[in-house]
Amino acid sequence: METRIAKNYHERLTPDNSALLLIDHQVGLFTGVRDIPVAELKHNVVALAKAAKVLGVPIIVTATSPEMWGPIIPELTEASPGISIINRTTVNAFDEPRFAKAVETTGRKKLIIAGVSTEVCLAFPAIHATGIGYDAYGVIDASGTFSETKRITGLMRMVQAGVVVIDYSTVAVEMLKDNASPKAGDLYGALDMPFAGLVGQLAGAFAKRRTA
């Protein structure tokens, strides 16, 4: 067990070993989110999807009982044109055979997962994935839930199970690896981090000074 957890925490994420699973980012569920501002949550999950697209990371999107909880937020579907959404009724996404097959088909062993709610839609599949041999990474700020208690208990349970917790921008820059990459500009643009925009302006100012 100690060797397994060490591998989860120490082995790098790359665009070639990872897949992104976006679980239940649905309009009805967003209305109950209380642990993160809804606008911030929307920004982060959309940015994560855009960054994955820049890096060529496979994306799987699923929705639970859309007739009950509504469609996927339009911002996410607009950011991922043409992507198919796996509708299901199961609470744990992995209990839906089409979802489990889609994950297996990617051939990736590192699963970057975000979901609403954190303690169910993220935690259940992340813990399950860890148990069957995947390395699961829970993207906390691209997930949300309905109270601080739910957030804390969900996080604790995932950590106890060996899920790696991470945030949306860190997971992307780890896969980028090198700021000299030709994808760096598009990636940072996708992440849309205000401080990164300022850094870019500063770099531009320095470049103009050197050429003056």
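Listed by position, the helices (runs of 4 or more DSSP H) enclosed by region 1-98 that each have at least 3 residues that are open to solvent by less than 20 Å² (accessible area, probe 1.4 Å) are 38-55. Can you find a residue in region 149-158 that is in contact (Cβ under 8 Å) with a residue 24 or more places away in the chain and part of a loop (DSSP other than H, G, I, E, B)? No, region 149-158 contains no residue that is in contact (Cβ under 8 Å) with a residue 24 or more places away in the chain and part of a loop (DSSP other than H, G, I, E, B). Here is the figure for region 121-146: residues that are outside any helix (DSSP H, G or I) and either farther than 23 Å from VAL27 by Cα or open to solvent by 10 Å² or more (accessible area, probe 1.4 Å) (or both) total 7. Within region 99-119, being within 18 Å of LEU13 (Cα to Cα), among the charged types (D, E, K, R) and either crowded, with 17+ Cβ neighbours inside 10 Å or over 16 Å from the mean Cα position of the chain (by Cα) (or both) holds for GLU104, ARG108, LYS110. Scanning region 179-197 for residues that are open to solvent by 70 Å² or more (accessible area, probe 1.4 Å) and in a loop (DSSP other than H, G, I, E, B), we see that the one that is nearest to LEU41 (Cα to Cα) is ASP192.
Every residue, every condition in (1) open to solvent by 40 Å² or more (accessible area, probe 1.4 Å); (2) under 22 Å from LEU191 (Cβ atoms); (3) in contact with a helix residue (DSSP H, G or I) (Cβ under 8 Å, 6 or more places away or on another chain), yes or no:
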{"residue": "GLU148", "(1), (2), (3)": "yes, no, no"}
{"residue": "VAL164", "(1), (2), (3)": "no, yes, yes"}
{"residue": "TYR168", "(1), (2), (3)": "no, yes, yes"}
{"residue": "LYS177", "(1), (2), (3)": "yes, yes, no"}
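Is it the case that some residue within region 115-137 is farther than 23 Å from GLY162 by Cα and out of contact with any Gly (no Cβ under 9 Å at 6 or more places or on another chain)? Working first, answer last.
Taking region 115-137 and keeping what is farther than 23 Å from GLY162 by Cα, we get none.
No: zero hits.
Selection of first residues in region 15-39 that are over 20 Å from SER80 (Cα atoms) and touching a residue at least 60 places away in the same chain (Cβ under 8 Å) and of second residues that are open to solvent by less than 30 Å² (accessible area, probe 1.4 Å) and among the small types (Gly, Ala, Ser), restricted to Cβ pairs under 7 Å at least 6 apart or on distinct chains, gives the following pairs, ordered by first then second residue: VAL33/GLY144; ASP35/GLY144; ILE36/GLY144.
The values are calculated or read from the model by the stated rules, or taken from the named source; none is laboratory data. No experiment lies behind these values; they were computed from the predicted model shown. FYI the Cβ positions are ideal-geometry reconstructions off the backbone, even for glycines, and counts take in every protein chain you see. Areas reflect the complete protein model, heavy atoms only, side chains present, ligands, DNA and RNA absent. Shrake-Rupley method; radii C 1.70, N 1.55, O 1.52, S 1.80 Å.
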